[in-house]
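The values are calculated or read from the model by the stated rules, or taken from the named source; none is laboratory data. Computed from a prediction, not measured in an experiment: that's the story for all the values here. So basically every Cβ, Gly included, is an ideal-geometry build from the backbone, and we count neighbours across all protein chains shown. To get the accessible areas, we keep the full protein, side chains included, count just its heavy atoms, and leave off ligands, DNA and RNA. Shrake-Rupley method; radii C 1.70, N 1.55, O 1.52, S 1.80 Å.
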Amino acid sequence: GLVAGLAGSIGAASDMEQQLADITASMGTTSEETAQLKDLIMDLGLDPTLKVSATEAANAIQQLGTAGLTAQQILDGAARSTVLLANATGADFGDAANIATDVMAQFNIKAEDMAGAIDNIVGTTIASKIDIDGYRLAIGQAGGVAAGVGVNFEDFNTTLSAIIPQFAGGSDAGTGFKTFLQTLIPKSKS
């Protein structure tokens, strides 16, 4: 049993080092940034208020980096917010990372402000029939267009909550909202 436990620990440490190497390679981080990201992974994995392993935290961080976030953005709150989103909604950590990066890019939300954005997303999923997967589809369909025409993030979520009962799911609601916004631009006064 002791030998198996030691072998498992050595294997986990080896896996962590490989994940860090993958993060470094995909993001091009410096040795100092890599060390900070390693500390963040360990902090997230050990935080008793979060339901995430170090491996899951590393995967989420790698997904955030692959989506274009800098090490500083990840350290400034994007990683923790991603874990909180996954914990609060039951989303996969990769899906939570994709939602977080989409929201940040589309609505120009800074990493340090992501906690409030996550609260808004969770509130939207609680206050309406849309689940987190439907939300992911809706933000993918309409988020960019909505932000492009000046709809702020909170108004986007409020509108989504209001219209979702009229649609089969998040993708349909997002498409409907996007079509509505695109129709307004050439046919109405600003």
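Brief remarks follow.
- Out of LYS187, LYS129, LYS178, sole residue that is among the basic types (Lys, Arg) and at pLDDT 95 or above: LYS178
- Taking the numbered list (1) open to solvent by less than 10 Å² (accessible area, probe 1.4 Å); (2) of a type in the set (Phe, Trp, Tyr); (3) touching an Asp or Glu at 6+ places or on another chain (Cβ under 6 Å) in turn, PHE93 passes all entries but (1).
- Within this structure, ALA86 passes the test of being under 10 Å from the mean Cα position of the chain (by Cα) and open to solvent by less than 60 Å² (accessible area, probe 1.4 Å).
- So ASP113, is it touching a residue at least 40 places away in the same chain (Cβ under 8 Å), closer than 25 Å to ASN59 by Cβ, open to solvent by 60 Å² or more (accessible area, probe 1.4 Å) and not hydrophobic (A, V, I, L, M, F, W, C): no
- In the condition set (1) small (Gly, Ala, Ser); (2) closer than 12 Å to GLY174 by Cβ; (3) modelled with pLDDT under 95, GLY143 is compliant with all but (3).
- The set of residues from the stretch 26-38 being in a helix (DSSP H, G or I) and surrounded by 11 or more Cβ atoms within 10 Å (Cβ to Cβ) comprises SER26, MET27, GLU33, THR34, ALA35, GLN36, LEU37, LYS38.
- The residues of the stretch 8-25 that are open to solvent by 40 Å² or more (accessible area, probe 1.4 Å), at pLDDT below 90 and among the small types (Gly, Ala, Ser), listed by number, are GLY8, SER9, ALA12, ALA13, SER14.
- Boolean, ALA105 is touching a residue at least 24 places away in the same chain (Cβ under 8 Å) and assigned to a helix (DSSP H, G or I): yes
- The stretch 163-189 residues that are over 11 Å from VAL145 (Cα atoms), paired with ones that are open to solvent by 80 Å² or more (accessible area, probe 1.4 Å) (beta carbon under 6 Å, 6 or more apart): ILE164/LYS129
- Segments classed as helices (runs of 4 or more DSSP H), wholly inside the stretch 131-190, with at least 2 members that are over 19 Å from the mean Cα position of the chain (by Cα) and surrounded by 17 or more Cβ atoms within 10 Å (Cβ to Cβ): 153-163, 170-187
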